[in-house]
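As structure tokens, the structure follows; a few thoughts come after it.
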Amino acid sequence: MEPVQLWTGRTACALQAALRMTNESFAAHLGTAVRTVATWHQKPDRVPSSEMQQALDTTLERAGEGAQARFARNVADMGASLESTSPSSAGPIHAAADETAIAVDDLTAGASSAIMAGTAEDTADGGFMGWLQVAHAASAPPDGSDVGQIIRWYRMYEGLTQQDAAVVLNTTQSRLSKLEKGTQALRDVRELRHIAKKLGIAPERLGVLRDQSADARPFASHVSDRPGPVRDSQEHWRAIRCQLNAHRAVLGELAAELYPAQLRIPGTTVLTSASWLSDGPVDLADIELAWRAESPIPQLGGKAPQSAGARPLMASGERYDRYSRALRDLARPKLLDNRVSYRLLDVEWSGSRGILGFNYTSYFDVLDVCEALGHEFTQAWLAAGRRRPSFAELPFRRSIVDSFDLWARPILPSINTLTIRRDCIEGHRMYLHRRDAKSVAVAGGMYHVVPAGVFQPAALAPAHQANDFSLWRNIQREFSEEFLGNGEHDGNSADPIAYDTDEPFASFERARQAGDFRVFACAMVLEPLTLWVELLTVAVIAAPVFDALFSEMVAVNEEGAAVSTKAGHPTVGIPFTAEARERLRTEPLSPISRACIELAWRYRHQLLGS
């Protein structure tokens, strides 16, 4: 487009609105102070310095076509033109430009960081600046607290009056005014979805996540009981799935041999890279979670043609397009739900601190890749006479060029916590449970650390998104479910969990604040069989506090059964000793659990010291 002859605060603000940036993100992008951008809004005729003129030129030049078109429209719609930006301009055109500045100020002042930063959907037409948006990250996903601001921004962007928008939304102008001003809250998920649909707003921007629960409902019409190739295909698939669950520990060890030994944590089969391994245990309080406004489209998904060998035929004769749908129909575990989850996009460790970047994905998007990889390996293993197959026999695994590329495929981290009851007198104890393959979709049939669970919000409603965007709170929910047998927080409530007052969370938090319940992250790793990404953590709980918090620890929960050295007494656990560590090598221990134990043993003096 035609360059701006002379930038002023007015045209700079028009560009800011076109890019949908907040004052903070626009200032960060230009390399200037936030107060400079604020001054442009207050004094639209101010002429930026020559260095800033160049920065603005470059920003406009590099903006996508959509953003450039919005910039031109922001000015032209009010009767201004790019040539009219000189401070010497006067008369009606200059007055129109002043009106433009007011309109732009209205837009940018009310817009939230969630709107300005955009999403992957917004970048589809090139309207945003791609990777440059990553520099601005919110501290948490949208939680719906700024719904009114977002509605107002979109309404004004589309040129609608409040009355016009009220008609579109089937409400009153008075109520819409209250929503925009924030004097009336809006938490009803159905109404938020209605508003998003009518105004063309991505539901995630209103803090509402997609309801994908229907994906887990089986279709009996896809299953065939008639003799022939379809039934043979489905029975063969079930048989492979059964072998996968029965031999996950052995298969994981064999899969690890496909990768260079230097990628493994010593004494384990899990894979990691130098950038994923911290220097030592990192307290959860020292790990920053950053919300990435932009989520790159994965290059590889479960529908990839290379995964066809892990997907059976449906009754129609067509092949299942996703592994999760075959699992749903042919071997559905008790716990199977396609929940919206947090997609891991970047990992950075620096000394005793860490930063993890996230956006959204879904549980099935990740399962479609990871479990298909495990299925493919099992099938090739059986075909090779129970010997390790080579990459040549694993087309889907071979298609993953870099296993540690977080952008290449959907990645949902599972948080695995080795719990240690710290007792310097009678000896420390650790806790495992056997995951029931009939109940869980992943890691069934093995001894696993407890608690463990994927990183996801407790529910779909807006208030849950920022409230649950916390490693510690995710771990608390798993302790509640797996140690105490409480129901899974699966999400139908509009009200967020009150972690500060609801039990057992309030007691967990008090113990943590007192230093008696400490949780540390040790590494981010890949489970070798499925290439699922796993965060390895260790919880160290003082013996008296453990006994008080978990006096009613259950022997069996929805995901499996506790493992201990004394039958029927789950709180006894397993000694955290060198002898027990060695004896566990002969047990069906998951690769992830072995890695947690090895790292905890390596760092035992730091973790268990006073």
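The values are calculated or read from the model by the stated rules, or taken from the named source; none is laboratory data. Being a predicted model, the structure only gives us computed values, none of them experimental. Counting neighbours? That spans all protein chains shown, and the Cβs are built from the backbone with ideal geometry, glycine included. Just the protein is used for accessible areas: all its heavy atoms, side chains included, with ligands, DNA and RNA removed. Shrake-Rupley method; radii C 1.70, N 1.55, O 1.52, S 1.80 Å.
Starting from segment 481-496, keep only residues that are under 18 Å from Thr419 (Cα atoms), then list their pairs with residues that are at pLDDT below 80 whose Cβ atoms are within a distance under 6 Å, requiring at least 6 positions of separation or different chains.
So the pair list comes out as Glu481/Glu488.
Filter segment 593-610 down to the residues that are open to solvent by 20 Å² or more (accessible area, probe 1.4 Å) and of a type in the set (Gly, Ala, Ser), then identify the one that is nearest to Arg581 (Cα to Cα).
Gly609
Name the residue, out of Met524, Met553, that is touching an Asp or Glu at 6+ places or on another chain (Cβ under 9 Å) and either at pLDDT 95 or above or at negative phi (or both).
Numbers: Met553 fails: touching an Asp or Glu at 6+ places or on another chain (Cβ under 9 Å).
Every option except Met524 fails the conditions.
Do you know which residues across segment 413-454 are within 16 Å of Glu598 (Cα to Cα), over 24 Å from the mean Cα position of the chain (by Cα) and either among the hydrophobic types (A, V, I, L, M, F, W, C) or not in a strand (DSSP E or B) (or both)?
Answer for segment 413-454, where residues must be within 16 Å of Glu598 (Cα to Cα), over 24 Å from the mean Cα position of the chain (by Cα) and either among the hydrophobic types (A, V, I, L, M, F, W, C) or not in a strand (DSSP E or B) (or both): Ile420, His428, Met430, Tyr431, Leu432.
Could you say which residue among Arg434, Arg510, Arg409, Arg429 is under 17 Å from Pro544 (Cα atoms) and touching a residue at least 12 places away in the same chain (Cβ under 8 Å)?
Details: Arg434 fails: under 17 Å from Pro544 (Cα atoms); Arg510 fails: touching a residue at least 12 places away in the same chain (Cβ under 8 Å); Arg409 fails: under 17 Å from Pro544 (Cα atoms).
Arg429 is the lone residue from the list that is under 17 Å from Pro544 (Cα atoms) and touching a residue at least 12 places away in the same chain (Cβ under 8 Å).
In a helix (DSSP H, G or I) and surrounded by fewer than 21 Cβ atoms within 10 Å (Cβ to Cβ): does that describe Leu373? If you could, list the steps in order and put the result at the bottom.
Numbers: in a helix (DSSP H, G or I): yes; surrounded by fewer than 21 Cβ atoms within 10 Å (Cβ to Cβ): no.
In short, no.
If you check Ala18, Ala69, Ala27, which single one turns out to be modelled with pLDDT of 85 or more and out of contact with any Phe, Trp or Tyr (no Cβ under 9 Å at 6 or more places or on another chain)? First the steps, then the outcome.
On the way: Ala18 fails: out of contact with any Phe, Trp or Tyr (no Cβ under 9 Å at 6 or more places or on another chain); Ala27 fails: modelled with pLDDT of 85 or more.
Sole residue among the options that is modelled with pLDDT of 85 or more and out of contact with any Phe, Trp or Tyr (no Cβ under 9 Å at 6 or more places or on another chain): Ala69.
Glu393 - would you say it is open to solvent by less than 30 Å² (accessible area, probe 1.4 Å), charged (D, E, K, R) and touching a helix residue (DSSP H, G or I) at 6+ places or on another chain (Cβ under 7 Å)?
Numbers: open to solvent by less than 30 Å² (accessible area, probe 1.4 Å): no; charged (D, E, K, R): yes; touching a helix residue (DSSP H, G or I) at 6+ places or on another chain (Cβ under 7 Å): yes.
Taking the combined requirement at face value, the residue does not satisfy it.
Looking only at segment 169-179, count how many residues are under 33 Å from the mean Cα position of the chain (by Cα) and open to solvent by 20 Å² or more (accessible area, probe 1.4 Å).
Pass one, segment 169-179, residues under 33 Å from the mean Cα position of the chain (by Cα): 169, 176, 178-179.
With open to solvent by 20 Å² or more (accessible area, probe 1.4 Å) added as a condition, the list becomes 178.
Count: 1.
Which of the residues belonging to segment 160-201 are in contact (Cβ under 8 Å) with a residue 40 or more places away in the chain and assigned to a loop (DSSP other than H, G, I, E, B)?
Answer for segment 160-201, where residues must be in contact (Cβ under 8 Å) with a residue 40 or more places away in the chain and assigned to a loop (DSSP other than H, G, I, E, B): Leu186, Arg187, Asp188, Gly200, Ile201.
Can you tell which of His433, His448, His464 is within 30 Å of Asp188 (Cα to Cα), of a type outside the set (Ser, Thr, Tyr) and surrounded by 20 or more Cβ atoms within 10 Å (Cβ to Cβ)?
Values: His433 fails: within 30 Å of Asp188 (Cα to Cα); His448 fails: within 30 Å of Asp188 (Cα to Cα).
The conditions single out His464.
Residue check: is Ala383 modelled with pLDDT of 95 or more and among the hydrophobic types (A, V, I, L, M, F, W, C)? Explain how you work it out, then say what you get.
Working: modelled with pLDDT of 95 or more: yes; among the hydrophobic types (A, V, I, L, M, F, W, C): yes.
It is true that Ala383 is modelled with pLDDT of 95 or more and among the hydrophobic types (A, V, I, L, M, F, W, C).
Checking Phe364 against (1) over 25 Å from Gly252 (Cβ atoms); (2) surrounded by 21 or more Cβ atoms within 10 Å (Cβ to Cβ), which test does it fail?
Of everything listed in (1) over 25 Å from Gly252 (Cβ atoms); (2) surrounded by 21 or more Cβ atoms within 10 Å (Cβ to Cβ), Phe364 misses just condition (1).
Filter segment 308-335 for residues that are open to solvent by less than 10 Å² (accessible area, probe 1.4 Å) and out of contact with any Pro (no Cβ under 8 Å at 6 or more places or on another chain) and give the result.
Ala310, Pro312, Tyr323, Ser324, Pro333
Please specify each residue of segment 48-74 satisfying the condition of being open to solvent by 60 Å² or more (accessible area, probe 1.4 Å) and charged (D, E, K, R).
Within segment 48-74, Glu51, Asp57, Glu61, Arg62, Glu65, Arg73 qualify.
Sort through Arg231, Arg325, Arg292, Arg264 and tell me the only one that's within 29 Å of Phe358 (Cβ to Cβ) and out of contact with any Leu (no Cβ under 7 Å at 6 or more places or on another chain).
Values: Arg231 fails: within 29 Å of Phe358 (Cβ to Cβ); Arg292 fails: out of contact with any Leu (no Cβ under 7 Å at 6 or more places or on another chain); Arg264 fails: out of contact with any Leu (no Cβ under 7 Å at 6 or more places or on another chain).
None of the other options fit; the residue is Arg325.
Scanning for something exposed (fewer than 14 other Cβ atoms within 10 Å of the Cβ) and either in contact (Cβ under 8 Å) with a residue 24 or more places away in the chain or of a type outside the set (Phe, Trp, Tyr) (or both), does segment 5-21 turn up at least one residue? Before you say what the answer is, go through the steps one by one.
Within segment 5-21, the subset exposed (fewer than 14 other Cβ atoms within 10 Å of the Cβ) is 5.
Keeping just the survivors that are either in contact (Cβ under 8 Å) with a residue 24 or more places away in the chain or of a type outside the set (Phe, Trp, Tyr) (or both) gives 5.
Checked segment 5-21: at least one residue is exposed (fewer than 14 other Cβ atoms within 10 Å of the Cβ) and either in contact (Cβ under 8 Å) with a residue 24 or more places away in the chain or of a type outside the set (Phe, Trp, Tyr) (or both).
Only one residue in Ser480, Ser470 is within 23 Å of Val545 (Cβ to Cβ), open to solvent by less than 10 Å² (accessible area, probe 1.4 Å) and under 24 Å from the mean Cα position of the chain (by Cα), so which one is that?
Details: Ser470 fails: open to solvent by less than 10 Å² (accessible area, probe 1.4 Å).
Result of the check over Ser480, Ser470: Ser480.
Here is a check on your reading of the model: is Trp349 farther than 30 Å from Gln465 by Cα, touching a helix residue (DSSP H, G or I) at 6+ places or on another chain (Cβ under 8 Å), of a type in the set (Phe, Trp, Tyr) and buried (at least 21 other Cβ atoms within 10 Å of the Cβ)?
Numbers: farther than 30 Å from Gln465 by Cα: no; touching a helix residue (DSSP H, G or I) at 6+ places or on another chain (Cβ under 8 Å): yes; of a type in the set (Phe, Trp, Tyr): yes; buried (at least 21 other Cβ atoms within 10 Å of the Cβ): yes.
The answer is no for Trp349.
Can you tell me how many residues within segment 515-546 are touching a residue at least 24 places away in the same chain (Cβ under 8 Å), open to solvent by 10 Å² or more (accessible area, probe 1.4 Å) and in a loop (DSSP other than H, G, I, E, B)?
2
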